[in-house]
Amino acid sequence: MGVSGHFKTQNRNLQEKTMKLNFESISQIKKLYTLKLTGWIIWVLEIIYGKSTLDSKLVKLRSLKKGSVGRKVAEMLDEKGYRLIPKFENHDLKHIVLEYEMTMKDEIKMQAYLVGNGNLTLPCLIFLSLAIFYPIIWKDLFKEYKNGKDANSIHYLTLDNCMRKSLKQIKLEYGRTRNNR
């Protein structure tokens, strides 16, 4: 093999390594992209309060009567492979009562509803501001805001004070479907 053949082989090897590196870089970027945006918040809360702080509460929720608010929260968390996170228990309750999925788009819609409902907290406004990355839902946000404005306030509803109550009754009083009749 001559000098030019040697350089062609080296060039080909370099191109293959570069392609492999680019593929690995893209793969790493995709992994970071799929990391949930709220993951860092949960991580911080678990450092502050501990991961197992609410394990006993989740066990209690699982043991509640079928059809109760608490049991449904536990079932939803179990289905998703989640656990109760300190300071997020009432947030999970709102997903159940208001029937918003645990996706980023539904999370943002729920925040628009909650702002309309009077929840002007910093976390709520921060999550709502993420709507800038989801133009596909922009048209829905005012509707969600208006529905929240027209609804009974859910701001003070807590998992502790309604876990044993009938989910059907709580939805009749606070749910979104109450406004769509």
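The values are calculated or read from the model by the stated rules, or taken from the named source; none is laboratory data. Computed from a predicted model, the values in this text were never measured in an experiment. Positions of Cβ are generated from backbone atoms using ideal geometry, with glycine treated the same way; all protein chains shown enter the neighbour counts. The area values use the complete protein model at the heavy-atom level, side chains included, leaving out ligands, DNA and RNA. Shrake-Rupley method; radii C 1.70, N 1.55, O 1.52, S 1.80 Å.
In table form, for the structure just shown:
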| read-out | value |
| --- | --- |
| Subset of segment 100-110 [in a loop (DSSP other than H, G, I, E, B) and of a type in the set (Asp, Glu)] | 101 |
| Where a residue in segment 91-116 is more than 25 Å from residue 169 (Cβ to Cβ) and its partner, wherever it lies, is of a type in the set (Val, Ile, Thr), with Cβ under 7 Å and at least six apart | 105/137; 108/137 |
| Spans of helices (runs of 4 or more DSSP H) in segment 21-99 with at least 2 residues at pLDDT 95 or above | 55-63, 69-80, 89-98 |
| Selection status of residue 114, over 23 Å from residue 53 (Cβ atoms), at pLDDT 95 or above and within 20 Å of the chain's Cα centre (by Cα) | yes |
| Counted residues, segment 132-156 - those being of a type in the set (A, V, I, L, M) and over 11 Å from residue 118 (Cβ atoms) | 4 |
| Some residue of segment 120-135 being under 24 Å from residue 57 (Cα atoms) and among the hydrophobic types (A, V, I, L, M, F, W, C) | no |
| All positions within segment 95-133 that are open to solvent by 20 Å² or more (accessible area, probe 1.4 Å) and either within 19 Å of residue 167 (Cα to Cα) or in contact with a strand residue (DSSP E or B) (Cβ under 7 Å, 6 or more places away or on another chain) (or both) | 99, 101, 102 |
| Exclusive hit being in contact with a Cys (Cβ under 6 Å, 6 or more places away or on another chain) and more than 16 Å from residue 70 (Cα to Cα), set 114, 120, 128 | 114 |
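Residue-by-condition table, conditions (1) modelled with pLDDT under 95; (2) under 24 Å from residue 88 (Cβ atoms):
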| residue | (1), (2) |
| --- | --- |
| 140 | no, yes |
| 143 | no, no |
| 151 | yes, yes |
| 155 | yes, yes |
| 163 | no, yes |
| 167 | no, yes |
| 174 | yes, yes |
| 179 | yes, no |
